[in-house]
Amino acid sequence: MVAAAALPLALGPFAAALPAAAKKASVDFPRNGVVCDQATKMCFDRTGVSVTLTREFFGRSAERELIRKLSGSNRPTQFKLSNGDVCDVRRQTCWDDGWGGKNISKALSKQLFGNNGAWRNPGSNNNSWNNSNNNGWNNNNSGGGWNNNNGWNNNNNWQQQGQGNTACELRQGNRRLFNGNCVLNRRELSSGMAYNVELGDGRRYSFFNRQGNLVLRDASGVWPVQVSNRNGNVSFRWSDLRLEAQDSRWNNQGQPGGVEEVNPTGLFLQNLFNTLFR
């Protein structure tokens, strides 16, 4: 059974207002392996929602909106299209009865996962859905969005690790997405040291040094990051997003009155990160 707790991708009231034929017509197969939802202006492949495909088929505006929704979250493994069909990328299967998970949609499953996908042998892949809703989409906002519990479980952890010393602002162009307290920490992972910024709204950004380049990885992809420091006001920039973190304790980390563009391999960056991320 599919967990009813997982919320759909498309707005319930909007989808309900469409006749059945219109809802089916809202999902396109523009080429092999690609599914696009006209109602939500999102495209998907076998790995789930795709920023690149969304830009290709719906343009820059749809890409920006999707990046905003994915920003700071883990990649979902389940999603629901506006026509009611549900897909699970781990189980390589789609269903046409929503979260009921009983009737396999052969056409959609074949389109996304190919002729040899796990959907052809459902008996070997009968694991239950994730009832915690950590991997589903949250539909409280127009067009769907991320559930901020997605695997990070950090809606409250940021308060436990530190309070109020650091202020963060997140912007997409001129649009402010967050302004408030944040926590910076670092964690050794199998893929290397992760430098994490955890915002009070549940978003989490992890920065890595990859062969001399600073990168960020989240649900929207892997992005090269530029860093600058102005008297302790540190700015991270990638895609069309800018994350600024400010703490009075960092005031001596920059050149007085100036702006420094930081080389990720340089000693200055390492000293800066050692001060910022505890």
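The values are calculated or read from the model by the stated rules, or taken from the named source; none is laboratory data. Remember, it's a predicted structure, so these values are computed and weren't measured experimentally. Please note: Cβ atoms are built from the backbone with ideal geometry, for glycine as well, and neighbour counts cover all protein chains shown. Surface areas here come from the heavy atoms of the whole protein model, side chains and all, with no ligands, DNA or RNA. Shrake-Rupley method; radii C 1.70, N 1.55, O 1.52, S 1.80 Å.
For the pair Leu189 and Ser61, a Förster radius of 22 Å applied to the C-beta separation gives a FRET efficiency near 0.05, rounded to the nearest 0.05. Rounded to the nearest 10 square angstrom, Lys102 shows an accessible area of 140 square angstrom against a 1.4 Å probe. The distance linking the stretch 50-85 with the stretch 29-43 is 10 Å (Cα centroid to Cα centroid, whole angstrom). In terms of the mean number of neighbouring beta-carbon atoms within 10 Å, the peptides 202-210, 59-67 order highest first as 202-210, 59-67.
For Thr93, nonlocal amide neighbours, meaning residues 5 or more places apart or on other chains whose placed amide H falls under 5 Å from its own, are Asp88.
Stretching Lys106 away from Asp201 to a fully extended chain increases their span by 30.4 nm, per 0.36 nm per residue minus the current alpha-carbon distance. Computed with every protein chain present, the accessible area of Leu108 is close to 10 Å² [probe 1.4 Å].
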